[in-house]
Amino acid sequence: MNNFEKKLHNLKNSPHLRLSSDRSSLIRSNLEKIISIEESLSRPSGFSWRRILVPVSSGVVAVVLGVVTLGAEASVPGDVLYAIKTKVNEPIMGAIARGQEGEIAYRAKMVSRRAAENEIIAVRYEKDKEKKEVAIKMLNKSLENFEEHARLAAESQKQSVAASYAAQVEAVMESHQNIMATVSPKDSQKARAKSVVRKEEDFSEASSGEFGLMSAAPVGSAPAQDISAIEVNDVSAQEEEDLSETEIVLLKIKNQRAEWETNISSDNTPSVEEGAKRRVEYLRKKINKSSGWEADFLKRSKESLDLALDLYSTGSYGEAFNLANNAIKDIEFLERNERSGRSLKVEIGDKEGE
Amino acid sequence: MFLSAYDSHSGEIYRHLATRLSSTERAEELLQETFLRAWKVFSEGGRPDNVRAYLYRIATNLVIDEYRRKKEESLDEVLEQTPWKEPSDPAQDSSYLALAREAKDAIMKLPEEEGRLVAMRYIDDMDISEIAEVLGITANNTSVKLHRAVQKLRKILDPKADE
């Protein structure tokens, strides 16, 4: 056997080209599931009196089941049909999902469905605390499942797929936050205020003194912890640089989940006033630490801070919170790009162009 | 009946897919897709004369689609993705696997059609007439194309042989 033949022979007998029995059984079982589902969904072909006359009762049952199944789709936690939605309809969708990409797409879809349920409950059952809690728990569970599958996908050479779906889920969650802020501003503000308080605790400790621009600490007296570390809880800027895009997004989702969990388990939510105060203070700290910013951007950020302070001083806490929050988001957008080595100037231009 | 076709041919179809693709996981996904497509034909009453050749044809088409889809991905990137973990069989030591890996990388460097021919002939052990049937070309044409593909592969695997 010459060298050429030996190489091909080795490849042919390589263990990497052998389908292991457990993987083979798994694929076989997937096929069986899909086939049985598709068979049950496929229409009978050809004409037969037997098919028309005999299963009248089955037809009625099928129609009823169909109506029930469709009805279940609109149900929310606590509804009678909700079990059908989560125990019948969704597992079927899951069974049809093919491969790791299909699975992660399915999990992302579940997050979107759970978020929508939360939004419906916020409108329809405004005062039903129990329903709200169940819905939030379900949403968190779906996020947890998604994170798990995204992580698995990222670990098995599907980083781009994982990152793409993680970004989708992040967008869903952002939009969910906005909707919740509209339909249930009180809950939303409280939730956000609470999370902000938690994130900015270190700043408060570092900056003694009363709240307000006039009490701003000098640039040199920065808190011990890096600002960027506060945005993604428990992860330093350096660590964040080491993380993949997927991991960062997943971490953010996880943090969001943790915040909601805290909201469910505790009624000790801070006031909107407190949240706004912290957020404006945080914006001030960011501006004080600014370096390498475009002059225009710095000017705009300072204007936002001045306006947020005005709003706060006149008791418009919600508006002050939102204004400061948006300014902080812009700043963090720049900081992220700076860390990833991209040109600030270009990114600012792009963002403004949007 | 359909699942018995899976039991009989899944191993060899997988081997073909794993030879042609950069990731074994993708090979598994396309294996499932191959049998799903075949099942659709079966469920509509289709009964191919040669089930094995038919399955190979589906798998081949899926690989072609995959190559088209990944056209923009560089070859290095594709080869980098190929997972070659430690052998589960201790008899197959690292030097054995290194040669196998070399062969796989070389096949991946061939144009899609030539890689397909080499895999069918030398990995799947198909004879010329079977390959011709799967590809829908004449046996003579298959021989000519295979000969060219093997020459190219030799040059990649054993460049000194020609000197």
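For this structure, a couple of remarks:
- The lone exception for A:Glu352 - which of (1) exposed (fewer than 13 other Cβ atoms within 10 Å of the Cβ); (2) at pLDDT 80 or above; (3) closer than 24 Å to A:Glu174 by Cα it fails: (2)
- In the set A:Asp296, A:Asp310, only one residue is of a type in the set (Asp, Glu) and within 10 Å of A:Leu323 (Cβ to Cβ); that residue is A:Asp310.
- For A:Ala153, the stated conditions hold: it is part of a helix (DSSP H, G or I), in contact (Cβ under 8 Å) with a residue 40 or more places away in the chain, more than 16 Å from the chain's Cα centre (by Cα) and within 14 Å of another protein chain (Cβ to nearest Cβ).
- The one condition in (1) more than 8 Å from chain A (Cβ to nearest Cβ); (2) surrounded by 12 or more Cβ atoms within 10 Å (Cβ to Cβ); (3) at pLDDT below 90 that B:Pro90 fails to fulfil: (2)
- Qualifying residue in region A:136-145 (condition: outside any helix (DSSP H, G or I), under 20 Å from the mean Cα position of the chain (by Cα) and in contact (Cβ under 8 Å) with a residue 12 or more places away in the chain): no
The values are calculated or read from the model by the stated rules, or taken from the named source; none is laboratory data. From a predicted model like this one, the values you see are computed outputs, not experimental measurements. Because the Cβ atoms are built from the backbone with ideal geometry, glycine has one as well, and the counts that use them run over all protein chains shown.
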